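First comes the structure, then the notes that go with it.
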Amino acid sequence: MLISGPSQDKSLKRNFHHLHPLLIPILPIILVYIPFLLQSHYFPHSLSLPNKVILQQPHSGSGSREMGTEIVENIVIVGAGIAGLTTALGLHRMGLRSLVLESSDSLRVTGLTLLTWPNAWRALDAIGIGDSLREQHVQLDGLVAASTVSGHVSSRKAFIKNEGNEVRCVNRKTLIEALGKDLPPGTIRFNSKVVSIEEAGNLKLLHLADGSILKTKALIGCDGVNSVVGKWLGLEKPVFSGRWAIRGCAEYLSGHGLEPNYLLFLGNGFRSGLLSCDEKTVYWFFTYSSTSSSQYKDIQENPAMMKQFVLSNIGKVPEALVNAIESTDLGSIVASPLKFRKPWNVLWGEISKANVCVAGDALHPMTPDLGQGGCSALEDGVVLARCLAGALLNDARRKSSLKVEEDDDECNRIKEGLEKYAKERRWRSFELMSTSYVVGLIQQSDGKVISFLREKLIPSMLTGLLLKKAAYDCGKLDIS
């Protein structure tokens, strides 16, 4: 049902409405186990990791920015977000230089924090910044789920680090800065918005808003949910999920004194949570259903009204969450519609084509119900850097030769590398997007059956599901 083609949408929706009450309780089980059976047959996953080689490449750096001037780059990454900077840093670690185009005038941070599950820490360690981030953020002890209707705890799960369950709530600004500071000077070019893409033989021609033009041998789109590169590939725009999220960070100068747990609250069509980032900072969130992206418009544009709306609807939750919301500065409260790409668009669409591909939110925008959006962007960056670097190696390079290939041969190698990346990430992206959406739908659905399951069964199932999705290992950067 989830992967039916567009021509069947109307009949599927009609049939789904009849089956909806029966399917809802078992969908998590279907999404957890069936994908793995299909994956082993249709999407075999290889992580053969070759030896590291340093390859010197010319790089134009800041180059000429004259109107209409053409600049040639080897690898261009559009977007200096999590996926873009991770890819650039991964390539740098392997001796390949890239140019990152960022439309804003500085490193831009969208969102407040990032819940980093074990799969994210594997990626952060692969690019060499895991330990520095660990020093600044507390390890969460476990997940405690409770009902906002009864106020009772319904599930507890400890995160045991030596069992591979390392979970932290990381400040997004700190993460972005950590990714950017190890890049060579001139890697990131600010005020560089890509407005159109053209074919130029084996190269891609990028037209920027300032009138300058770049040619590139490899184009990587990490430009978010409204990706110009994704549009060029033919990917559909993300759609509104029917839900919004309000998020905030509270600072306690003398320390918050809370235990480092992930507190999750479910009930009455709402979902909220509270997490410690460090000894002085806590992060909270609140998601709710909305019939359209414009409903509650007044609330969504007024932080004071957002705060009051959340406090009026959170239900029976611990005083710690109430205090955190009340203590949050209005400037630290944000609201955003929850959007996602239809999973079958990624499963069957072109996520790479010749020397072009997408990563991060440009590839797999998803709802936050698994907490895997940023984590999977980190995975993308590591896998993409490894596949692209591997594609640029031949037998001579593996013997420490610095020979540079030309034209068609090099173009074919880049294409093969991006195709390998797409093959490795396609199913993972589909799985996370579809599971996130269904988990969110269940958590915020009404009805007696769903309410009963949410009180008795779903919390413990959800905890296991979160850890199962976080068990993924993107591998290291080594190339042999």
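Worth a mention:
- Residues that are in contact with a Ser or Thr (Cβ under 7 Å, 6 or more places away or on another chain), closer than 15 Å to Asn171 by Cβ and outside any loop (DSSP other than H, G, I, E, B), drawn from the stretch 245-283: Gly248, Cys249, Ala250, Glu251, Val282, Tyr283
- Among the residues here, Gly224 qualifies as in contact (Cβ under 8 Å) with a residue 24 or more places away in the chain and surrounded by 15 or more Cβ atoms within 10 Å (Cβ to Cβ).
- Residue in the stretch 115-131 that is surrounded by fewer than 24 Cβ atoms within 10 Å (Cβ to Cβ), in a loop (DSSP other than H, G, I, E, B), modelled with pLDDT of 95 or more and not aromatic (Phe, Trp, Tyr) present: yes
- Any hit, the stretch 88-95, residues being over 17 Å from the mean Cα position of the chain (by Cα) and either surrounded by fewer than 17 Cβ atoms within 10 Å (Cβ to Cβ) or assigned to a loop (DSSP other than H, G, I, E, B) (or both): yes
- Close pairs from the stretch 362-386: first within 23 Å of Val239 (Cα to Cα), partner modelled with pLDDT of 95 or more and acidic (Asp, Glu), Cβ under 6 Å, at least 6 apart: Ala362/Asp223
- Qualifying positions in the stretch 305-332 - surrounded by fewer than 19 Cβ atoms within 10 Å (Cβ to Cβ) and within 12 Å of Ser272 (Cα to Cα): Leu311, Asn313, Gly315, Lys316, Pro318, Val322
- Restricted to the stretch 333-353, and to residues there that are at pLDDT below 95 and of a type in the set (Gly, Ala, Ser), the residue that is farthest from Ser434 (Cα to Cα) is Ala335.
- Note on the stretch 174-210: among residues that are charged (D, E, K, R) and farther than 17 Å from Glu73 by Cα, the one that is surrounded by the most Cβ atoms within 10 Å (Cβ to Cβ) is Asp182.
- Considering the stretch 151-244, the qualifying strands (runs of 3 or more DSSP E), each wholly inside and each with 2 or more residues that are closer than 30 Å to Gln139 by Cβ, run over 153-158, 168-171.
- Some residue of the stretch 150-158 being under 25 Å from the mean Cα position of the chain (by Cα) and under 26 Å from Asn119 (Cα atoms): yes
- Residue check for Ser445: surrounded by fewer than 17 Cβ atoms within 10 Å (Cβ to Cβ), modelled with pLDDT under 70 and either part of a loop (DSSP other than H, G, I, E, B) or within 20 Å of the chain's Cα centre (by Cα) (or both): no
- Check on Ala335, buried (at least 19 other Cβ atoms within 10 Å of the Cβ) and in a strand (DSSP E or B): yes
- Inclusion of Asn202 among residues that are free of Cβ contacts under 8 Å to residues at least 40 places away in the same chain, of a type outside the set (Asp, Glu) and closer than 27 Å to Leu89 by Cα is not warranted.
- Scanning the stretch 132-150 for residues that are part of a strand (DSSP E or B) and free of Cβ contacts under 8 Å to residues at least 40 places away in the same chain returns no hits.
- Checked against (1) under 21 Å from the mean Cα position of the chain (by Cα); (2) free of Cβ contacts under 8 Å to residues at least 40 places away in the same chain; (3) within 30 Å of Trp284 (Cβ to Cβ), Lys231 passes all but a single condition, namely (3).
- Restricting the stretch 294-304 to residues that are more than 28 Å from Leu175 (Cα to Cα) and surrounded by 16 or more Cβ atoms within 10 Å (Cβ to Cβ), the residue that is modelled with the lowest pLDDT is Tyr296.
The values are calculated or read from the model by the stated rules, or taken from the named source; none is laboratory data. Computed from a predicted structure; not experimentally measured. In this analysis, Cβ positions are derived from the backbone assuming ideal geometry, glycine residues included, and neighbour counts consider all displayed protein chains.
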